[in-house]
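Reviewing the structure listed below.
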Amino acid sequence: MVAVKNATPGSILYLEGNLETKIFTDPTTGLVRRVREIAVRRNGRLVFLGKGNDAEPTQTGLKGVGYY
């Protein structure tokens, strides 16, 4: 819920969590749909690196964070 309230289009985020696939049948078309999500749980991490398109990424609180 934190990301939904604070992230705006163009925000730069770093996420650590589990990849989950949700499978459901579309009630309109009857097709089976698959949606990939990143589930940030208790031991996950969410770091705001920049806000919007005009912000530069900051290094605050990024100790030990790698880019893969």
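Observations, loosely collected:
- Annotation: peptides 41-50, 22-31, ranked by per-residue average of other Cβ atoms within 10 Å with the highest first, follow the order 41-50, 22-31.
- Couplings 3J(HN,Hα) of the stretch 34-47, computed from phi: 10, 10, 8, 9, 9, 9, 8, 9, 4, 9, x, 9, 9, 10 Hz, in residue order, whole Hz [Karplus 6.51 cos²θ - 1.76 cosθ + 1.60, θ = phi - 60°; x for Gly and Pro].
- Size descriptor for the stretch 2-50, Kirkwood hydrodynamic radius: 12.8 Å (Cα pairs only, one decimal).
- Cut-off under 5 Å, modelled amide H: who pairs with Leu13 long-range: Leu49
- Computed from phi, the 3J(HN,Hα) profile of the stretch 13-25 under the Karplus parametrisation 6.51, -1.76, 1.60 (θ = phi - 60°) reads 10, 10, 10, 10, x, 9, 7, 10, 10, 9, 10, 8, 9 Hz, with x in place of Gly and Pro.
Throughout, read-outs are computed from the coordinates displayed, never taken from laboratory work. No experiment lies behind these values; they were computed from the predicted model shown. Quick reminder, even Gly has a Cβ in these numbers, built from the backbone with ideal geometry, and neighbours come from all protein chains shown.
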